[in-house]
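The values are calculated or read from the model by the stated rules, or taken from the named source; none is laboratory data. Computed from a predicted structure; not experimentally measured. Because the Cβ atoms are built from the backbone with ideal geometry, glycine has one as well, and the counts that use them run over all protein chains shown.
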């Protein structure tokens, strides 16, 4: 039974399996991506109702630019069409984007940035879309930023700490995810939030993303709640709040 008093603040999801879901039904991969958008709407609404504060969705990785050009173009168009600002406002959801947005087509980037601005004062769930994102890209960019600060004399190398790095990551506006879910049966995290997921609980399911629903999320959350989060401590220390 799900305990709604012990939910994670932040859930990150690798939404995998759209193309394979479509192929299994004899349809084009694009049909699977469209069904995946419907799953995003479903899970975002449910997380919002549960009181989850942050939901980060791995939408398009930097490696995905290697896919066939027609599929990439279709994905970008789908992203543009699925940004229904009215839905964000109605559900009090704030949109944030992380990733190398300079690579995104202008019409998509402008639409996303407009939606970010117009939803910035919403106080419910923050939906973070990782678009043209990879963790190695993010960490590399952060190291470059810190190197420039050192070169300018604004920062000493010995003053760089884990906290310094975390504050300069693209995710510095939210806590690290307590739970990382990957759908589609693969057992890897694919260059996603590598720094941030150092202590995340990992949950893998064979369910393809278009079929991932409220019940499937409940199963992931129940599994999360069954685990003891020790952060290097012993069970006895955790139980005694040491």
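In segment 1-12 there is at least one residue matching the filter, namely being modelled with pLDDT under 90, surrounded by fewer than 16 Cβ atoms within 10 Å (Cβ to Cβ) and farther than 19 Å from residue 197 by Cβ.
Cβ-Cβ distances below 7 Å connect the following pairs, each with a first residue in segment 208-228 that is without any contact (Cβ under 8 Å) to a residue 40 or more places away in the chain, a second residue that is surrounded by 14 or more Cβ atoms within 10 Å (Cβ to Cβ) and not in a helix (DSSP H, G or I), and a separation of six or more residues or different chains: 216/205; 216/207; 223/203; 227/201.
Residues are listed down the side, and each one gets a yes or a no for (1) touching a helix residue (DSSP H, G or I) at 6+ places or on another chain (Cβ under 7 Å); (2) surrounded by fewer than 18 Cβ atoms within 10 Å (Cβ to Cβ); (3) closer than 24 Å to residue 37 by Cα; (4) modelled with pLDDT of 95 or more:
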residue	(1), (2), (3), (4)
100	yes, yes, yes, yes
105	yes, yes, yes, no
132	yes, no, yes, yes
136	no, yes, no, yes
145	yes, yes, no, yes
150	yes, yes, no, yes
160	yes, yes, no, yes
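Condition check ((1) under 14 Å from the mean Cα position of the chain (by Cα); (2) surrounded by fewer than 17 Cβ atoms within 10 Å (Cβ to Cβ)) across all residues:
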| site | (1), (2) |
| --- | --- |
| 36 | no, no |
| 44 | yes, no |
| 49 | no, yes |
| 60 | yes, no |
| 92 | no, yes |
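Residue-by-condition table, conditions (1) touching a residue at least 24 places away in the same chain (Cβ under 8 Å); (2) closer than 13 Å to residue 88 by Cβ:
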site	(1), (2)
111	yes, yes
117	no, yes
120	yes, yes
125	yes, yes
135	yes, no
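Cβ-Cβ distances below 6 Å connect the following pairs, each with a first residue in segment 56-81 that is closer than 17 Å to residue 190 by Cβ, a second residue that is modelled with pLDDT of 90 or more and part of a helix (DSSP H, G or I), and a separation of six or more residues or different chains: 62/137.
Residues of segment 165-179 that are in contact with a helix residue (DSSP H, G or I) (Cβ under 7 Å, 6 or more places away or on another chain) and either over 21 Å from residue 189 (Cβ atoms) or part of a helix (DSSP H, G or I) (or both): 165, 168.
The residue of segment 107-126 that is surrounded by the most Cβ atoms within 10 Å (Cβ to Cβ), among those that are outside any helix (DSSP H, G or I) and within 16 Å of the chain's Cα centre (by Cα), is 125.
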